[in-house]
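If you scroll down you'll find the structure; I have some questions about it.
The values are calculated or read from the model by the stated rules, or taken from the named source; none is laboratory data. Remember, predicted model here, so these are calculated numbers, not experimental data. When we count neighbours, we look across all protein chains shown, and the Cβ atoms used for this are built from the backbone with ideal geometry, even at glycine.
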Amino acid sequence: MNRTAQAEATEAADLDDLSPSERILHTAHDLFYRDGIRATGIDRVIAESGVAKKTFYRYFASKDHLIVAFLEYRHRNWMTWFTDALQRHGGGPAALVPALAEWFESDVYRGCAFINSVVEVGGTHAHALDIARRHKRDMTDAIRKLLPASRTAKADAQALAMAVDGAIVAAQFEDSPAVALKSLARIVRAMSA
């Protein structure tokens with residue numbers, strides 16, 4: 001099991017040790033990410049988190065509030081994992097491929113929660129769209145830090161971020177993430193030459 005899947009499995013195992021608001025958030029995270037935001041109703045989150053309806057509404061006034069909390073939570077955790085993985089794999093542009101391989105090969109991989117949320121609710125949920133945009137800016141900034149200083153570094157980081165997003169989407173529908181990772185590696189090599 002890779003580091004990403006291990007962390008998510010550990011979180012699920014420790015659900016009983018969490019406060020009610022944390023249980024709700026962790027449960028919503030897993031359900032929203034795995035099954036989708038629209039497909040997951042509040043009653044299901046309440047049932048699977050083991051809290052009373054009144055407890056749920058004490059912490060989250062509506063599903064919209066829970067969606068925002070989910071995306072903020074996912075952003076913090078994913079960015080922490082991403083920057084750590086990039087450093088563990090050498091801290092240069094070539095680190096993108098093995099870092100993403102960790103994620104793509106995990107048992108719980110369902111693509112980018114931010115791309116998925118924009119597809120599902122982006123047009124009707126301005127906060128979700130704002131968080132997704134910030135996430136992509138932060139991801140691009142992390143990629144920028146891998147690149148040597150140059151007058152094209154910002155544009156190069158944006159191009160690599162777009163290639164990463166393409167690989168994330170491709171890894172969802174290919175039989176294996178290997179095709180997406182191989183294509184991303186080719187782009188990284190071409191831009192590093």
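Of all residues in the range 110-129, how many are surrounded by fewer than 18 Cβ atoms within 10 Å (Cβ to Cβ) and not hydrophobic (A, V, I, L, M, F, W, C)?
Qualifying residue count, the range 110-129: 6.
Pick from the range 168-193 the residues that are of a type in the set (V, I, T) and surrounded by fewer than 19 Cβ atoms within 10 Å (Cβ to Cβ): which of them is nearest to K136 (Cα to Cα)?
Restricting to residues being of a type in the set (V, I, T) and surrounded by fewer than 19 Cβ atoms within 10 Å (Cβ to Cβ), the top hit is V169.
Return only the number of the condition from (1) out of contact with any Ser or Thr (no Cβ under 8 Å at 6 or more places or on another chain); (2) buried (at least 19 other Cβ atoms within 10 Å of the Cβ) that A157 does not satisfy.
With respect to (1) out of contact with any Ser or Thr (no Cβ under 8 Å at 6 or more places or on another chain); (2) buried (at least 19 other Cβ atoms within 10 Å of the Cβ), A157 is out only on (1).
On to the next question. Report yes if R186 is under 14 Å from the mean Cα position of the chain (by Cα), at pLDDT 95 or above and either part of a helix (DSSP H, G or I) or of a type in the set (A, V, I, L, M, F, W, C) (or both), otherwise no.
Taking the combined requirement at face value, the residue does not satisfy it.
Residue check: is W78 surrounded by fewer than 19 Cβ atoms within 10 Å (Cβ to Cβ) and modelled with pLDDT of 95 or more?
Judged against the criteria, W78 is a match.
Could you tell me whether the range 149-163 includes any residue that is of a type in the set (D, E, K, R), modelled with pLDDT of 95 or more and touching a His at 6+ places or on another chain (Cβ under 9 Å)?
Checked against the condition, which is being of a type in the set (D, E, K, R), modelled with pLDDT of 95 or more and touching a His at 6+ places or on another chain (Cβ under 9 Å), the range 149-163 yields no hits at all.
Give me the helices (runs of 4 or more DSSP H) completely within the range 74-166, filtered to those with at least 1 residues that are free of Cβ contacts under 8 Å to residues at least 60 places away in the same chain and aromatic (F, W, Y), ordered by residue number.
113-121
Just to be sure I understand the filter: pairs with C-beta atoms under 7 Å, separated by 6 or more residues or on different chains, first member in the range 22-41 and under 15 Å from A128 (Cβ atoms), second member modelled with pLDDT of 95 or more and of a type in the set (F, W, Y). Which pairs pass?
Short answer, once both residue conditions are applied: A28/F70; H29/F70; H29/Y73; F32/F70; T40/F32.
Look at D64 and say whether it is under 19 Å from the mean Cα position of the chain (by Cα) and not in a loop (DSSP other than H, G, I, E, B).
Answer is yes for this residue.
Out of the range 79-104, which residues are among the charged types (D, E, K, R) and under 17 Å from A167 (Cα atoms)?
E102
When the range 29-54 is examined, which residues are found to be farther than 18 Å from L18 by Cβ, outside any helix (DSSP H, G or I) and not small (G, A, S)?
If the condition is that a residue be farther than 18 Å from L18 by Cβ, outside any helix (DSSP H, G or I) and not small (G, A, S), then I37, R38, T40 are the ones that fit.
When you look at A69, is it surrounded by fewer than 19 Cβ atoms within 10 Å (Cβ to Cβ), assigned to a helix (DSSP H, G or I), modelled with pLDDT of 95 or more and under 18 Å from the mean Cα position of the chain (by Cα), yes or no?
yes
Additional query: Checking Y57 against (1) in a helix (DSSP H, G or I); (2) more than 21 Å from A161 (Cβ to Cβ); (3) touching a Lys or Arg at 6+ places or on another chain (Cβ under 8 Å), which test does it fail?
(3)
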